[in-house]
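I'd like to ask you about the structure that follows.
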Amino acid sequence: MAALETIRKKAVLLTVVIGLALLAFILGDLLNSGQAFFGDGNTIVKVGDEKIDAIEFQKRYEEVSAQYQNSGAQMPDGALIQNNVIEGMITEKLLNKELEAVGVYVTDAELTEAMTGKNASPMMVQYAQQMGFESPAQMYDFLFNPSKYGVTADQVVEAKANWLRLEKDMEMMLKQAKLQTLLMGAFQANELDKKALFEENAVTSEVAFVKAGVAELNDSEYAVTDAELKAKYNETKNLFKLDNELRTGVVISVDVVPSAQDQAESKALIDTTMVLLKGKSGVDDVRNNSELVILENTMRLNDITDAQIKAFIEKAKVGEVSEPKFVSNEYTIAKLLGKEMAVDSVQMNFVTIQGDKKAQDSIMTALNSGKNLAEVVDGKMVQGQENMWQVLIGAADSIKTKVLNAGVKYFVLSSNDQMAYLAKVNKKVAPKQLYNVAIISHKVLPSVKTINDLRDNLQAFINTNNTLAAVDSNAVKMGYQPMPFELTSTTPQINGIANTRKAVQWVFGASKGSVSPIFDKENKDKMVVVALRDVFDGEYMPLSDSNVKSLVSMQALTEKKIDALVEKYNGKANDLAGYAQLMNSKVDTAQVTFGQAFIPGIGMSDNGFVAEVCSADENVVKGVVKGNNGVYAFQVIKHNHSGRTPGAEVERQFNSTRGANAVMQNIDAILRKSTTVENEMIKFF
């Protein structure tokens, strides 16, 4: 039963029953959108000729949501979970299809060995031990033969479901490992590959250089013509390739925060609270105020993580109250209610017995007659742990009394007709100073009036500015800051703003220039309004898009200025000192290898400059050559050859950058390029 309790606390719930209300919602939503429930009307994604339907997706989504809830982690935006789930399901479909095509499969014997065998996966060994079992095989026996351990099948349903999920994951891991082995045989570095990879990093060039950046030239003197702009766009248009329809617009996000009046009222509440707390009634005079959160705990000084409160408690007298601390719209006050010297922790042995009273008495008699714990523990009916340190702070008074009054023998912590918990105290620490502390906190929240005023003002704005053009013209004047956005139908949020999936759906049903209603039902911290600017559903983003035009213009302008710098400086000096004087710069040094991504003093991926350096002769001044954001005059001082020969590290590098590992790391993107994926989630969720 102890193992069962551990599983209940730690295991992630992976199977959630879809309720009738949820099913009715999905049905109603599909029917209301004019789609048939059966057939393609229920398909949210097509992966090639395979389908993912709404019910299948919803079940997986509920399972993942349950994992977050049971793990205690903060729940992310539901739309982010939905997006991750559907992307994972698409990847599964793609990968399974590929695995089937190449004949990769896992036998029952292979799966059993990986899950519960003598050479079980380390992941399974660690998982079983975390759940309180000696091995995965023992855990499997417990879950699938619960009656042997005095447990009913209903009591292990959740843990069993988690095991089956792990089994499915393990099967996929084994398949992927086999696929990678196949790829290892298919992608082998030949001698030319090895030589090229080796030579990319075999020579390190010491170089002295002078740089003139494009910033020294005025933009206005190098205006880019329409012809130049169009030519640059055609040259770089693959950067703007569209895989899905793209929509652009602006979003206005209004933070729902306390007003000055709300802050003043909270300050008045805290002032009153401080007066009451300084009385002699502990915290009783403020206990019934629903706007205050009061936590009373006995703690050691080191248990207090807040430095300000810790410093106060260390020096305070009983009854004293700290000054209010105000951080992130929350007041925090501490009051020292009492002090005592007491034992805070003990070292103990624990024994769990699954059996009737007779079995319980027999085990305790054996232990107290001198038998070691190892002699009675069998991992099934009797389980135990020795020399565990336990903190007594916060323990129930009945437990604390038993522990502190215990002798040198085992005693019963708790028991019933089917189970008992025994304990033995081995060591007690010396009494320590303990503090009984009350922490009183108050969160300053926006009042109903504040929320209504924010909404009314925003509604008044969109009532009189109900087109994109009007929003562009008047938003800033009225105190709103419209921010540009780009969305595809699968984007879970607008500009990373939580709970804006409904606004995304609105965007994909809207016409150009229109302005949305206020979205504030899903996100209680913000009010959101969006306006649609443009719809791009062609093969490429057009040059007419402001973002595309801005980027292309910058590239064309930079290249034009670099050409001007070449004309200005090329061949105008004989040495680096002369170029430094011409460029009003200084001579700097760097070490360069051909495969180097970042060079101190140069920057990221200045490939043109790197290529010139690696191919230049030593002690020859070259000037000037083009870089990404300027021009260089340079001189290679020395090419340093490593003197080594290609070895095993070259093959490892090939494997990680161009071989099997590289393919596996990018397999999702590779498979998606060869398969048509039609994602219609926007119509459902």
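The values are calculated or read from the model by the stated rules, or taken from the named source; none is laboratory data. Just so you know, these numbers come straight off a predicted model, no measurement behind them. Cβ: placed from backbone, ideal geometry, glycine included. Neighbour counts: every protein chain shown. Each accessible area value is taken on the protein alone, full model and side chains, heavy atoms only, with ligands, DNA and RNA left out. Shrake-Rupley method; radii C 1.70, N 1.55, O 1.52, S 1.80 Å.
Restricting to the stretch 563-610, what's the tally of residues that are in a strand (DSSP E or B) and free of Cβ contacts under 8 Å to residues at least 40 places away in the same chain? Before the answer, list the steps.
Applying the first criterion (in a strand (DSSP E or B)) to the stretch 563-610 yields 588-592, 598-599, 603-604.
Right, trim to free of Cβ contacts under 8 Å to residues at least 40 places away in the same chain and you get 598-599, 603-604.
Number of matching residues: 4.
I need a count of the residues in the stretch 662-680 that are among the polar types (S, T, N, Q) and free of Cβ contacts under 8 Å to residues at least 24 places away in the same chain.
3
Something else: Taking the conditions exactly as written (within 30 Å of Asn297 (Cα to Cα), outside any loop (DSSP other than H, G, I, E, B) and not aromatic (Phe, Trp, Tyr)), does Ala460 satisfy them or not?
The answer is no for Ala460.
Return the only residue of Thr464, Thr490 being polar (S, T, N, Q) and modelled with pLDDT of 95 or more.
Step by step, each of Thr464, Thr490 is checked, and only Thr464 is polar (S, T, N, Q) and modelled with pLDDT of 95 or more.
Tell me which residues, restricted to the stretch 462-491, are of a type in the set (D, E, K, R) and either free of Cβ contacts under 8 Å to residues at least 40 places away in the same chain or buried (at least 19 other Cβ atoms within 10 Å of the Cβ) (or both).
Once the filter is applied, which keeps residues that are of a type in the set (D, E, K, R) and either free of Cβ contacts under 8 Å to residues at least 40 places away in the same chain or buried (at least 19 other Cβ atoms within 10 Å of the Cβ) (or both), the stretch 462-491 yields only Lys477.
Restricting the search to the stretch 611-627, which residues are assigned to a helix (DSSP H, G or I) and buried (at least 18 other Cβ atoms within 10 Å of the Cβ)?
Answer for the stretch 611-627, where residues must be assigned to a helix (DSSP H, G or I) and buried (at least 18 other Cβ atoms within 10 Å of the Cβ): Glu612, Val613, Cys614.
Can you name the residue in the stretch 376-416 that is among the hydrophobic types (A, V, I, L, M, F, W, C), over 46 Å from the mean Cα position of the chain (by Cα) and over 21 Å from Gln354 (Cα atoms) and is also surrounded by the most Cβ atoms within 10 Å (Cβ to Cβ) among such residues?
Ala406
Taking the options Ile494, Ile439, name whichever one is over 30 Å from Phe350 (Cα atoms), aliphatic (A, V, I, L, M) and open to solvent by 30 Å² or more (accessible area, probe 1.4 Å).
Within the list Ile494, Ile439, the selection yields Ile439.
Grab the helices (runs of 4 or more DSSP H) fully contained in the stretch 99-185, keeping just those with 2 or more residues being under 27 Å from the mean Cα position of the chain (by Cα), surrounded by 17 or more Cβ atoms within 10 Å (Cβ to Cβ) and among the aliphatic types (A, V, I, L, M).
122-130
Which one of these does Lys51 not meet: (1) in contact with a strand residue (DSSP E or B) (Cβ under 7 Å, 6 or more places away or on another chain); (2) at pLDDT below 90; (3) open to solvent by 60 Å² or more (accessible area, probe 1.4 Å)?
Result: Lys51 passes all but (2).
Consider Asp545 carefully, then state whether it is open to solvent by 20 Å² or more (accessible area, probe 1.4 Å) and either of a type in the set (Lys, Arg) or at pLDDT below 95 (or both). Write out each step before concluding.
Working: open to solvent by 20 Å² or more (accessible area, probe 1.4 Å): no; either of a type in the set (Lys, Arg) or at pLDDT below 95 (or both): yes.
Judged against the criteria, Asp545 is not a match.
Quick one: which helices (runs of 4 or more DSSP H) lie wholly within the stretch 258-375 and hold at least 3 residues that are surrounded by 14 or more Cβ atoms within 10 Å (Cβ to Cβ) and out of contact with any Ser or Thr (no Cβ under 8 Å at 6 or more places or on another chain)?
Values: elements: 260-277, 307-315, 357-368.
Passing ranges, in order: 260-277, 357-368.
I need every pair where a residue in the stretch 310-325 that is closer than 19 Å to Asp271 by Cβ has its Cβ under 8 Å from the Cβ of a residue that is assigned to a loop (DSSP other than H, G, I, E, B) and open to solvent by less than 30 Å² (accessible area, probe 1.4 Å), sequence separation at least 6 or different chains.
Phe312/Ser322; Ser322/Ala316
Would you check if Ala556 is buried (at least 19 other Cβ atoms within 10 Å of the Cβ), part of a helix (DSSP H, G or I) and among the small types (Gly, Ala, Ser)?
Spelling it out, Ala556 is indeed buried (at least 19 other Cβ atoms within 10 Å of the Cβ), part of a helix (DSSP H, G or I) and among the small types (Gly, Ala, Ser).
Just give me the residues in the stretch 66-95 being touching a residue at least 24 places away in the same chain (Cβ under 8 Å), in a helix (DSSP H, G or I) and under 19 Å from Lys502 (Cβ atoms), in sequence order.
Gly78, Ala79, Leu80, Gln82, Asn83, Val85, Ile86 - these are the residues of the stretch 66-95 that are touching a residue at least 24 places away in the same chain (Cβ under 8 Å), in a helix (DSSP H, G or I) and under 19 Å from Lys502 (Cβ atoms).
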